Amino acid sequence: MTRPLIKEILGFPPESQDLAVQGWVRTKRELKNLIFVEVYDGSSFDGIQCTFDRGNGGFSPSAEATLTALSTGCAIAVTGRLVPSPASGQAVEIAAYGIELIGDAPVETYPLQKKRHSLEFLREIAHLRARTNTFGAVARTRSRLAFGVHQFFQNRGFQYVHTPIITANDAEGAGAMFQVTTLDLDALAVSGKVPDYQRDFFGKRSYLTVSGQLEAETYATALSRVYTFGPTFRAENSNTARHLAEFWMIEPEAAFADLEDNMRLAEDFLKFLFEIALKDCAEDLAFFDARIEKGIIATLQSVLDSRFTHITYTDAVKELEKNTAVFEFKPFWGCDLQSEHEKFLTEKIAKGPVIVTDYPKEIKAFYMKLNADEKTVRAMDVLVPRLGEIIGGSQREESLSRLEKRMLELNMKPEDYGWYLDLRRYGTVPHSGFGMGFERLIQYVTGMANIRDVIPYPRAVGQADF
Ligand code: 4AD
Ligand code: MG
């Protein structure tokens, strides 16, 4: 007898095949002589219905006892035959003849009962929430799209580079880093001494990385096209529905590529992933569309069928200034775009994704290429409705002298970045890249409102449980 996954069983022809299903009970219903048990194993959105018919001569005493005690969450193995299902909404079901209880889930204490639970409550039991429809669907979509990221880049000649997690440099120059140390801080506090980082594990102050970009650039100027996909960390004190302290970022970097190439790559990348979601996560998306964000499928489809709007920061600010009255934060040239501004640009002006380019240098990182106006840089942010920024990137400054000048303006020490500046000293080329927060992508595709619900164990201000 085979023991396939439910996903596989649902695709089998109903040919009166004998099989065993293992999984967990989603629901149990009784109707006269019939007992319907829906079993799921997480391999697909749908579970499989196992129908026990007492009218066929009854079951063994132990099977009867198991069926009577069975409740939501119990782990079971069912044996039976795959038959065409008379019920609507399912092609096949199992005409069951045997059942074995593998693991009980007492009704009195099991937190996930058949009713609908709030997302807030489920966050408190994150170790069990993947068993719900919503979080099972998020987990499957996340898995498929992570694979899709690799498919997209590998198909285009980008090589996967593993950049370090622990680093001594602040890639974004934003200072929101988590320190990594093995110094005995408690003892230091008691003694009143200042920490001597030369005696710390790495011999200098070290941190969890905010981005793998700088190291990715070193590989792009050796392998031409590379990408990273790994965890990144930000100690920003922002308690919002789109910020995490630990998130996964994808960062492609391409040599001999300018901002136009970068924008095209970003658009193709997003569309490729939306297409995969629509095609390979259809059942899960149908659920998100029905229960989480109405119209999400049509939205993804319409994005696929249209071009992203392009607008410079300067023009975007002009548009925003025409509508100053609707904003809490008054827009002006030089301001960092607030999420209300990003929402307005995507939802009211472009009615879809927008790529904003050429931001003032003051609000962007040191490594971005300076434009001829000496005021703006070759930056690009891809903004989407509902979320705002999903991708941030730029063409990089490839001139050694201009990059050094910019670092000095920002009170950075060029000597701390000698290795990075070497890329401009030896065989420098125009190159570009971007970063996409993987959780923001998953939020966009699933319609989940809170970023804490698209990663298994969210880490955010005041939150590091599990
Ligand atoms: O715009 P950011 O800060 O850009 C970089 O880190 C560059 N080094 C990328 C590059 O050019 N290689 O971050 C990139 C993306 C954002 O657009 C957003 O999607 C995501 O990372 N992101 C976050 N996601 C979740 N929580 C946070 N705290 C995030 N901060 C950024
Ligand atoms: Mg950004």
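A short reminder: the numbers here are calculations on the coordinates, not readings from a lab. Given the structure is predicted, the values throughout are model-derived calculations rather than measurements. Here the Cβ is made from the backbone with ideal geometry for all residues, glycine too, and neighbour counts use every protein chain on show.
Using the Kirkwood formula on the Cα atoms of the range 386-445, what hydrodynamic radius do you get, in angstrom to one decimal?
13.6
Toward the positive end of the charge dipole of the chain, about the Cα centre and with charges on Cβ (Lys, Arg +1; Asp, Glu -1), which of Thr66, Gln338, Leu19 goes farthest?
Thr66
Just report the Cα centroid separation between the range 381-420 and the range 224-275, whole Å.
15
If the viscosity is 1.567 mPa s and the temperature 4 °C, what translational diffusion coefficient in µm²/s does Stokes-Einstein give for the range 182-258 when Rh comes from Kirkwood over Cα pairs?
83
Over all directions, the average projected area of the alpha-carbon convex hull for the range 219-296 comes to how many nm²?
Taking the Cα atoms of the range 219-296, their convex hull projects to 7.6 nm² on average.
Report the convex hull volume per residue for the range 326-460, counting only C-alpha atoms, in Å³.
Normalising the Cα hull of the range 326-460 by residue number yields 159 Å³.
Scan the range 186-259 for chymotrypsin sites (Phe, Trp or Tyr not before Pro) in coil per DSSP, keeping those whose Cβ has at most 11 other Cβ atoms within 10 Å, and list them by number.
none
Output the Cα-based Rg and Dmax of the range 169-321 in Å, rounding Rg to one decimal and Dmax to a whole number.
Taking only Cα atoms of the range 169-321, I get Rg and Dmax of 21.6, 65 Å.
According to the Cα gyration tensor, what semi-axes, each the square root of 5 times an eigenvalue, does the equivalent ellipsoid of the range 296-404 have, listed from largest to smallest in whole Å?
Equivalent ellipsoid semi-axes, largest first: 26, 18, 10 Å.
If the chain between Gln113 and Ile165 were fully stretched, how many nm would it gain, using 0.36 nm times the residue separation less the Cα-Cα distance?
Extra length from Gln113 to Ile165 when fully extended: 14.7 nm.
Nearest 500 deg cm²/dmol is fine: what mean residue ellipticity at 222 nm does the chain get from its DSSP H runs of n ≥ 4 alone, each adding -39,500 (n - 2.57), divided by its residue count?
-8500 deg cm²/dmol
What Kirkwood hydrodynamic radius do you get for the chain when you take the inverse of the mean 1/r over all pairs of distinct Cα atoms, in Å?
25.4 Å is the Kirkwood radius here.
Obtain the radius of gyration and the Kirkwood radius of the range 1-118 from its C-alpha atoms and give Rg over Rh.
We get a ratio of 0.94 for the range 1-118.
Over the chain, what is the percentage of antiparallel beta bridges among all DSSP beta bridges, to the nearest 5?
Antiparallel: roughly 85 percent of the beta bridges in the chain.
How much length is gained on full extension from Glu30 to Phe466, taking 0.36 nm per residue of separation minus their Cα-Cα distance?
Stretched fully, the Glu30-Phe466 segment lengthens by 153.2 nm.
Given the Cα-Cα distance of Ala290 and Phe201 and 0.36 nm per residue of separation, how much length would full extension add, in nm?
Taking Ala290 through Phe201 to full extension adds about 26.9 nm, to one decimal.
Give me, ordered by chain and number, the residues 5 or more places off Ala460 or on other chains with an amide H under 5 Å from its own placed amide H.
Here the answer is Ala245, since their amide H atoms fall under 5 Å of that of Ala460.
Please report the equivalent ellipsoid semi-axes of the range 113-222, computed as sqrt(5 x eigenvalue) of the Cα gyration tensor, largest first, in whole Å.
Value: 37, 28, 10 Å, ordered largest first.
For the range 163-177, just list the computed ³J(HN,Hα) in residue order, Karplus coefficients 6.51, -1.76 and 1.60, θ = phi - 60°, integers in Hz, with x standing in for Gly and Pro.
Calculated HN-Hα couplings, in order: 8, x, 8, 9, 8, 10, 10, 9, 4, 9, x, 9, x, 8, 10 Hz.
Evaluate the relative contact order of the range 162-294 (contact order divided by residue number), counting alpha-carbon pairs under 8 angstrom at least 6 apart; express in whole percent.
This gives 22 percent for the range 162-294.
Relative contact order of the chain, please, whole-number percent, based on alpha carbon pairs below 8 angstrom and at least 6 residues apart.
So the answer I get is 13 percent.
Quick check on my link table: of Lys318/Lys361; Lys348/Lys369; Lys294/Lys364; Lys7/Lys32; Lys294/Lys330; Lys115/Lys271, which ones sit more than 26 Å apart, alpha carbon to alpha carbon?
Over 26 Å apart, Cα to Cα: Lys348/Lys369; Lys294/Lys364; Lys7/Lys32; Lys294/Lys330; Lys115/Lys271.
Taking N as the number of residues in the range 286-339, what is its alpha-carbon radius of gyration divided by 2.2 N^0.38 Å?
The range 286-339 yields a ratio of 1.61.
Kirkwood hydrodynamic radius of the range 53-128 from all distinct Cα pairs, in Å?
14.9
With only Lys, Arg, Asp and Glu charged, each at its Cβ (+1 for the first two, -1 for the last two), find how big the charge dipole of the chain is about the Cα centre; round to the nearest 20 debye.
Roughly 500 debye for the chain.
Give the residue list of chymotrypsin sites (Phe, Trp or Tyr not before Pro) in the range 368-436 that are DSSP loop and have at most 11 other beta-carbon atoms within 10 angstrom.
Passing both the DSSP loop test and the Cβ count: Tyr426.
For the range 336-376, which GluC sites (Glu not before Pro) are both in a DSSP coil and crowded by at most 10 other Cβ atoms within 10 Å?
Glu374
Sort His431, His243, His127 so the one with the fewest other Cβ atoms within 10 Å of its own Cβ comes first.
With the sparsest Cβ surroundings first, the list reads His127, His243, His431.
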